[in-house]
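Structure, as structure tokens:
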Amino acid sequence: MSRNGDLRQKIDDAKRRLPLPELMKQLGLAERAKKGARCPFPSHDDKHPSFSVFQGEDGFYHWKCFSRCGDGDEILFLRKLKGLSMTEAMDVYLDMAGFPAHRRPKSHEYPSVSSVSKSRQSLSVLVSQSPECPVFPVSPVSNGQELEHVFKASAARSACNERRSAKDGLWQLARDLKAIQKKADRKLTNREVMLMFDEWHRLSEPFLDPRVTRDEYLAAFLAKPSKVRFPTGEGDTLNKAVAAVSKLSPSELPVIPGVPDAPEKLRRVAALHRELSRLCGGKTYFLTCRDTAKAVPGLKHQTAYNINLALAQLGVIEVVRAGDPRPGGRASQFRYLLSQSGNGTAEIAA
């Protein structure tokens, strides 16, 4: 298959993974992803519904503005919305769909919607995507070009629009930054952080307050990563862990080494740490006192704080970084230290 043929196939696969309605949802425009909506493009002050999203005979989604903005597919939507070149829009879309364009074809010509549709396959052939991190497919990476594609995709997802404010966009960008660092298993360099921010600011500029300087937005962004409790893709990890622990019988709770008659409250909080560790792949995780208290109905956050300290003293968990015990305070970072067996017993891991 030729390079252009490979590109067309990649775009078709991307459209099955990230169709236009889902793309618009990620961009904060879910309410416009229908027939009869106001046009979402910044250059069109649409007073009456003139925008439509529909599934064509080719099986793919398309958009059309019946006023003056034209029509197209997902890539043309990004191009129009963000003011990108065709090549930039294609790269951003493929990144968002999980198909980084590592090698650009010799010809920069973007295949038309009609030519792409000729190579369509059954919509039942879907490309799977990790449920643990549905927003972007970052595996442990060291390739700088691969990371750069991830940065651009993150900036595009977090960029401001009519519905997403700068505050919300920068917060999402900070959550993405933490997730990328966790997947890459290292802290991003200052240059890499600036690449993320610069791309976000470029895409967001049409929607930013002209009274706020770029440096002020940068300062606001750099202050946010330390406040992130749950990186992107881990938003419901705590809820899953709490739900799992609530179903455990006393015999299924961890046994504290050397304290076989430990109170059930202590063991149930230990079970919450065990479950969070499991959901995070055995890596460190973040937990506040208020969220710790969710493991036991009626448990106060101050008591939960003391239980966490007790578990650390007993060798069940390690406090990697201490947080703030007050309500709404910064989460602590923990590591679970016990290995598990099927009967609920636990021993100190080697």
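Can you give me the number of residues within the range 249-261 that are touching a residue at least 40 places away in the same chain (Cβ under 8 Å) and part of a loop (DSSP other than H, G, I, E, B)?
The first filter runs over the range 249-261 and keeps only residues touching a residue at least 40 places away in the same chain (Cβ under 8 Å), leaving 251-259.
Subset that is part of a loop (DSSP other than H, G, I, E, B): 253-255, 257-258.
So the answer is 5.
Selection of the range 59-81 for residues being in a loop (DSSP other than H, G, I, E, B) and crowded, with 16+ Cβ neighbours inside 10 Å yields Phe60, Cys69, Asp73. Within the range 13-22, the only residue that satisfies the criterion of being assigned to a loop (DSSP other than H, G, I, E, B) and either without any contact (Cβ under 8 Å) to a residue 24 or more places away in the chain or open to solvent by less than 10 Å² (accessible area, probe 1.4 Å) (or both) is Leu18.
Restricting the range 207-244 to residues that are polar (S, T, N, Q) and open to solvent by less than 30 Å² (accessible area, probe 1.4 Å), the residue that is nearest to Ala293 (Cα to Cα) is Thr237. Ala270 falls short on exactly one of the conditions (1) at pLDDT below 95; (2) of a type in the set (A, V, I, L, M); (3) within 20 Å of Ala295 (Cα to Cα), and that condition is (1).
Screening the range 274-328 for residues that are among the hydrophobic types (A, V, I, L, M, F, W, C), part of a strand (DSSP E or B) and surrounded by fewer than 20 Cβ atoms within 10 Å (Cβ to Cβ) and picking the one that is farthest from the chain's Cα centre (by Cα) gives Val319.
Is it the case, given these coordinates, that Ser124 is modelled with pLDDT under 50, open to solvent by less than 50 Å² (accessible area, probe 1.4 Å) and farther than 23 Å from Pro231 by Cβ? Quick ask: steps written out before the conclusion?
Values: modelled with pLDDT under 50: yes; open to solvent by less than 50 Å² (accessible area, probe 1.4 Å): no; farther than 23 Å from Pro231 by Cβ: yes.
Considered against the rule, which asks whether it is modelled with pLDDT under 50, open to solvent by less than 50 Å² (accessible area, probe 1.4 Å) and farther than 23 Å from Pro231 by Cβ, Ser124 comes out as no.
With the condition kept exactly as written, say whether any residue in the range 179-200 is aliphatic (A, V, I, L, M) and closer than 23 Å to Pro21 by Cα. For the range 179-200, residues aliphatic (A, V, I, L, M) and closer than 23 Å to Pro21 by Cα: absent. Close contacts from the range 23-43, counting a first residue that is at positive phi and open to solvent by less than 40 Å² (accessible area, probe 1.4 Å) and a second that is polar (S, T, N, Q) and modelled with pLDDT under 90, with Cβ to Cβ under 8 Å and a gap of 6+ residues or different chains, come to Gly28/Asn161.
The values are calculated or read from the model by the stated rules, or taken from the named source; none is laboratory data. Just so it is clear, the model here is predicted, and its values are computed rather than measured. So basically every Cβ, Gly included, is an ideal-geometry build from the backbone, and we count neighbours across all protein chains shown. The area values use the complete protein model at the heavy-atom level, side chains included, leaving out ligands, DNA and RNA. Shrake-Rupley method; radii C 1.70, N 1.55, O 1.52, S 1.80 Å.
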